[in-house]
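The values are calculated or read from the model by the stated rules, or taken from the named source; none is laboratory data. Computed from a prediction, not measured in an experiment: that's the story for all the values here. Don't worry about glycine lacking a Cβ; one is built from the backbone with ideal geometry, like all the others, and counts go over all protein chains shown. Surface accessibility is based on the protein's heavy atoms, side chains included, excluding ligands, DNA and RNA. Shrake-Rupley method; radii C 1.70, N 1.55, O 1.52, S 1.80 Å.
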Amino acid sequence: MTTPWHLEAESPIGRGTSARRYRLANGLGLITARDRSAPIVSLQTWYRVGSRHERPGATGMAHLFEHLMFGQTERLPPGEFDRVVERTGGESNAATWVDWTYYRLSLPARDLPLGVRLESERMRELVLEPGPIEAERDVVTNERRERVEDDVDGWLDEQLMAHAFTVHPYRWPTIGWMEDIRALTIADIRAFYRTWYAPNNATVVCVGDFDEAALLDLVATSYGAIPPATLPAPTE
């Protein structure tokens, strides 16, 4: 059988383990590293989008998506993503920075197919409606008040970056300026999702106790039909 994957590299990482980097035809990257010392897996999805990919007047978008991506999909009602993961005994988290946003699931090895399904669904089937968006916007504005506006260290760090980078997009904070967070439109939010949350802008990383051939088939089946996006030119 012809494999849909292209093996790009294989590198030893110690303890008899190697990391392999694959790529699908639609641009999705996959990095695997098997470690069978415990019956668990860590599944991460890294998107090459962070605050540097935003534009003046619409800052904070990448960080807002860190929150929105745990919301409703076409198959999961609001709040069900976390409940499904927690029922396995697993946990989930995410982070955003200037160059990237990533999402992490830690699961029992037997539930790896569930994790892959959840991640592929929210890459292509996230429901972005006014109610959930406004709820998460409120969460983010409160987070900004707590971590920046009411915190000396946070405020100084923000001012340092704004003065050190006068042209480069590192000059605005990853959480965004308060006036921009409040002004983000639903149309802009949906356009950001269609642009950046695509297989050719993502790398899936799987580490732990799994069968590699089965994982390759699973990821190809779950992601292979998702079309790539037309990505904007890199920001200098």
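Things worth noting here:
- The set of residues in segment 147-159 that are open to solvent by 60 Å² or more (accessible area, probe 1.4 Å) and closer than 15 Å to Val98 by Cα contains only Asp157.
- Qualifying residue in segment 136-146 (condition: hydrophobic (A, V, I, L, M, F, W, C) and under 22 Å from the mean Cα position of the chain (by Cα)): yes
- Residue-level check: of (1) buried (at least 18 other Cβ atoms within 10 Å of the Cβ); (2) out of contact with any strand residue (DSSP E or B) (no Cβ under 8 Å at 6 or more places or on another chain), Arg171 misses just (1).
- Gly154 being over 28 Å from Met178 (Cα atoms) and without any contact (Cβ under 8 Å) to a residue 60 or more places away in the chain: no
- Subset of segment 1-37 [open to solvent by less than 40 Å² (accessible area, probe 1.4 Å), part of a loop (DSSP other than H, G, I, E, B) and at pLDDT below 95]: Trp5
- Unmet criterion (only one of (1) free of Cβ contacts under 8 Å to residues at least 24 places away in the same chain; (2) within 24 Å of the chain's Cα centre (by Cα)) for Ala33: (1)
- Candidate set from segment 203-226 (those that are within 14 Å of Gly29 (Cβ to Cβ) and of a type in the set (Ser, Thr, Tyr)); member that is surrounded by the most Cβ atoms within 10 Å (Cβ to Cβ): Tyr223
- For segment 47-59, the set of residues classified as within 15 Å of the chain's Cα centre (by Cα) and assigned to a loop (DSSP other than H, G, I, E, B) consists of Arg48, Val49, Gly50, listed by residue number.
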